[in-house]
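Inspection log for the structure reproduced underneath, given as C-alpha cells.
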Amino acid sequence: MTYTVYTIEMAYARMREMQDLANRSRAHQTAERRAETRAARAEGRAARAKKR
C-alpha cells in the first residue's frame with residue numbers, strides 16, 4: 001500500500017488555486033452584470049427616444 005504525504009505546502013497551494021478560481025469567477029460575474037446594465041440603459045434610452 002502506498003501513502004501520499006499531504007504537506008502544508010500542498011494544502012496552501014490548493015487553497016491559492018481555489019482562491020484564484022473564485023476571484024476569476026467573481027470578475028467574470030461583474031463583467032456580465034456591467035454588460036446587462038449597459039444593455040438595459042440602452043433599451044431605456046431607445047424607448048424614451050421613440051416616445052418623443
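The values are calculated or read from the model by the stated rules, or taken from the named source; none is laboratory data. Values in this document were obtained by computation on a predicted structure and should not be read as measured data. FYI the Cβ positions are ideal-geometry reconstructions off the backbone, even for glycines, and counts take in every protein chain you see. Accessible surface areas use protein heavy atoms only, side chains included; no ligands, DNA or RNA. Shrake-Rupley method; radii C 1.70, N 1.55, O 1.52, S 1.80 Å.
Could you check residue 37 against (1) among the β-branched types (Val, Ile, Thr); (2) part of a helix (DSSP H, G or I); (3) surrounded by fewer than 10 Cβ atoms within 10 Å (Cβ to Cβ) and say which number it fails?
So the condition that residue 37 fails would be (3).
Considering only residues that are aliphatic (A, V, I, L, M) and exposed (fewer than 10 other Cβ atoms within 10 Å of the Cβ), look in the stretch 1-10 and name the one that is farthest from the chain's Cα centre (by Cα).
Once the filter is applied, the top-ranked residue is 1.
Would you check if residue 14 is at pLDDT below 80 and open to solvent by 80 Å² or more (accessible area, probe 1.4 Å)?
Considered against the rule, which asks whether it is at pLDDT below 80 and open to solvent by 80 Å² or more (accessible area, probe 1.4 Å), residue 14 comes out as no.
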